[in-house]
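Chemist: Before anything else, here's the structure in question.
Every number in this text was worked out from the coordinates using simple rules, so none of it is lab data. Computed from a predicted structure; not experimentally measured. Positions of Cβ are generated from backbone atoms using ideal geometry, with glycine treated the same way; all protein chains shown enter the neighbour counts.
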Amino acid sequence: MNLQTFKTATTCVLMLLLGGLSSKAGEIEINISKRYLNFPVSHEVDRAEMVFQVDGKPDLSVVIRLAPDQADYWVFKDVSDLKGKTLKITYRGNDAGLARIYQADTLTGQDSLYRERNRPQFHFTTRRGWINDPNGLVYHDGQYHLFYQHNPYEREWQNMHWGHAVSDDLIHWQELPDALYPDELGTMFSGSAVIDYDNTAGFNTGGTPAMVAAYTADSPDKQVQGIAYSLDNGRTFTKYEGNPVIDSKHIWNSKDTRDPKVFWYEPGSHWVMALNERDGHSIYTSANLKDWKYESHVTGFWECPELFELPIDGNPENTKWVMYGASGTYMLGAFDGKVFTPEAGKYQYTTGSIYAAQTFTNMPDGRRVQVGWGRISHAGMPFNGMMLLPTELTLRTTKDGPRLFNVPIKETEQLFSAVRRWESRTSDQANELLDEFDRADGLRIKTTFKLSHATNAGFNLFGQRIIDYDLNSNTVNGTFYSPEDPTSMEISADIYIDRTSIEVFIDGGAFSYSMERKPHADNQEGFHFWGNNIEVKNLEVFSAQSIWK
Ligand code: FRU
C-alpha cells in the first residue's frame, strides 16, 4: 500500500465511523449521501456565519445560531441535489454545534410534521424556519407555485431565500426545496414570476416556456433587481449572468428599491414592472425582461407593489386598474402600459395581520387570486409566519363607486362542512348554542346580527374581539367602516378560525381583517355575542378539515 492509498483508506474508515463526516476546528466535511442535513438551533447563542463549499467551490453563506448543546429546535437543508458530492461547512461561532450536524433521509421531527400542537391546519406554513411575503405566485403546467421569503435556518427573519411550495388546487400545498439562494449580489428579497411564452428573454432553448423570476438582491449597500429562469417548472433556477437588470440607488438616493412585480401588457406587447422605489411605485417597461426602461412613478406606496386590471361587476368592457402596496390600501385608476393615473384617493379593503399580499400571474381562469402573508407566530413551534387563505379580488359597484371586494376562493369550501344552523336568537341563546365549539381547533362561523338598542356590539372568543362593531363612530375592530346600507343596523361576517389565526370577511368581502388567535387567559366566556338587545339573525357553524395529509 503506498502512502496515498493508505491516507485514502484511513479517511474512508474515519468517514464510515462518522457517517460520511470528518472535522477539524471550525469546519466539517460531509460526503452527501442522504436527503437532509439537520442543524441544531439555540436562541441562547448569537448568530455566526456558516459557509458551505461544494467540491471545493464556495456555494452559500448564511448566519445561524448553532446549538453547542441543548437545541431549541432543529432546522434542515435539503441536500438531495448534492448527493455524491463533498460539502465543507465552516462556522465562525462556537464549533461544538458543528459536530451535531447530521445527514438523514428525514428531518428532525419528521414524525410529528404538520401535526405539531400549534401547526395551522388550513393555512400554509413552512416545515422549519421563518416565512414572510409570498413571492412569484404563478400558475404553470397544471401547478400553482407559491414562492415566499424564507429563512430556512431560524424562526426569525434573516438569510432571505425564496422558499417554494406547489399545489394543484391552491389549498393543499407541498413544500419543495428552496428555489433562490443568497449570492454575491445579496440575499433574495421579494419579487414575482412570469411565464415567457414568446421566449422574449431567449432563455428557453428547448420546448417548454421559461418561468422567469424577478427578485431583489439585498446587500448592506443597496438593493438591485435580478432575474432567474427555470426550465423545469420552478424546481431549479439559473440566475441571469447579466444581473443586476436594474440598479437604481443612485437615481433615488435611497437604498429602498425593491420587490419587482412583472406582468405582460398585452395591448403594448411588452413587459411591465412595478417596482417600489423610495416613496412610491415606479413603472418600468421591457421587451425582453433583461433591459428595463424607467417610465413613471406614483408616490405614496411602500413595498410589494401590485398593479392589475379588473372588470367592474364582471363586465370585461368596463374595467379599472388597481394599484396597491404592502399595507392593504389601494388606488383605482387608468393604466396605459407606462403610466398609472389614479382617479381618487386611497381606500382600504383589508387590515390586521395581513401584509405584502401578491396576486397570481397566468391564472388559467382569469380570476384575480391573492395570497397575503399572515404576521402570525405559533407559540413554541420551530416555524413562524404563515400564508393567509387565498382570496379572490373583484371590483363591485357600491353606492360610493367601484370598490375592491375580497373573499376566500371557492376552493376553500371543500375544507368546511356545515354542522349547525340557527336563526333569530338572542345573544344569550346564541352563546349557549355555541358552547360546545369553544375549544375547537378549527372552525368556520357565519353570522349576521342586528343592533337596535346598542350603538356597538360584537362577537368574542375567550375575551378576544373577533368583531367589535361601533355604529356610532362607524368602526369595525378600530377601522372606519360604513356598510352599503347603514340604516339596516346589520353586519354579517364569515369567520375562519385556525389554531393560531382568525380571518374575518365582513359583508360579503367589502372589508376584511385577520389576527392572531389569542384567548385571554382569565376569560371563561368562550364564544360570546355582546351588545344590548342584539338579534343574532343567522348563525352557522362549519367544522374544518386539515390540508395536511
Ligand atoms: C415586505 C418586505 C419587502 C422585502 C422583504 C424582505 O415585508 O420588507 O419589501 O423585499 O420583506 O424580506
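Chemist: Among residues other than residue 367 whose Cβ falls under 11 Å from its Cβ, what is the net charge (Lys/Arg +1, Asp/Glu -1)?
Modeler: With Lys, Arg at +1 and Asp, Glu at -1, the neighbours total -1.
Chemist: Net charge around residue 208, counting only other residues with Cβ within less than 14 Å of its Cβ (Lys, Arg = +1; Asp, Glu = -1)?
Modeler: -3
Chemist: Could you give the length gained by full extension between residue 435 and residue 344, i.e. 0.36 nm per residue of separation minus their alpha carbon distance, to one decimal place?
Modeler: The residue 435-residue 344 span can extend by a further 28.1 nm.
Chemist: Further question on the same structure: Extension gain residue 417-residue 319, at 0.36 nm per residue separation less the Cα-Cα distance, in nm?
Modeler: Separation in residues times 0.36 nm, less the Cα-Cα distance, equals 31.7 nm.
Chemist: So if we plug the beta-carbon distance of residue 250 and residue 183 into 1/(1 + (r/R0)^6) with R0 = 22 Å, what FRET efficiency do we get, rounded to 0.05?
Modeler: Numbers: r = 22 Å, r/R0 = 0.99.
According to the calculation, E is roughly 0.50.
Chemist: Test of the criteria: in the range 233-312, which trypsin sites (Lys or Arg not before Pro) are in a DSSP loop and have at most 16 other Cβ atoms within 10 angstrom of their Cβ?
Modeler: Those satisfying the criteria are 235, 255.
Chemist: While we're here: Report the calculated FRET efficiency for residue 100 and residue 296 (r = Cβ-Cβ distance, R0 = 60 Å), to the nearest 0.05.
Modeler: 0.65
Chemist: Looking at the square roots a ≥ b ≥ c of the eigenvalues of the Cα gyration tensor of the range 113-408, which shape do they give, rounded for a/c under 1.5, prolate if a/b is larger than b/c, or oblate? Kindly include the intermediate steps, with their values, before the conclusion.
Modeler: Numbers: a/c = 1.35, a/b = 1.10, b/c = 1.22.
Cα axes put the range 113-408 in the rounded bin.
Chemist: Assuming a ≥ b ≥ c are the square roots of the Cα gyration tensor eigenvalues, decide whether the range 412-544 counts as rounded (a/c under 1.5), prolate (otherwise, with a/b larger than b/c) or oblate.
Modeler: rounded
Chemist: Using only Cα atoms, what Kirkwood radius does the range 380-461 have, in angstroms?
Modeler: 16.7
Chemist: Classify the chain from the C-alpha gyration tensor, please: rounded if a/c falls under 1.5, else prolate or oblate depending on whether a/b exceeds b/c.
Modeler: Oblate is the answer for the chain, as a/c is 1.5 or above yet b/c matches or exceeds a/b.
Chemist: Moving on to the next point. Using a Förster distance of 41 angstrom, determine the FRET efficiency expected from the C-beta separation of residue 205 and residue 48, and round it to 0.05. If you can, show how the numbers build up before the last one.
Modeler: On the way: r = 41 Å, r/R0 = 1.01.
The formula returns an efficiency of 0.50 here.
Chemist: Net charge near residue 306: determine it from the other residues with C-beta under 11 Å of the C-beta of residue 306, scoring Lys and Arg +1 and Asp and Glu -1.
Modeler: 0
Chemist: In the range 239-302, what GluC sites (Glu not before Pro) fall in a loop by DSSP, with at most 13 other Cβ atoms inside 10 Å? Kindly include the intermediate steps, with their values, before the conclusion.
Modeler: On the way: sites: 241, 277, 295; in loops: 241.
Those satisfying the criteria are 241.
Chemist: Could you give the Stokes-Einstein D for the range 269-428 in µm² per second, using the C-alpha Kirkwood radius, 25 °C, 0.890 mPa s?
Modeler: Estimated diffusion coefficient is 138 µm²/s.
Chemist: In whole angstrom, note down how far apart the Cα centers of the range 183-227 and the range 466-534 are.
Modeler: 41
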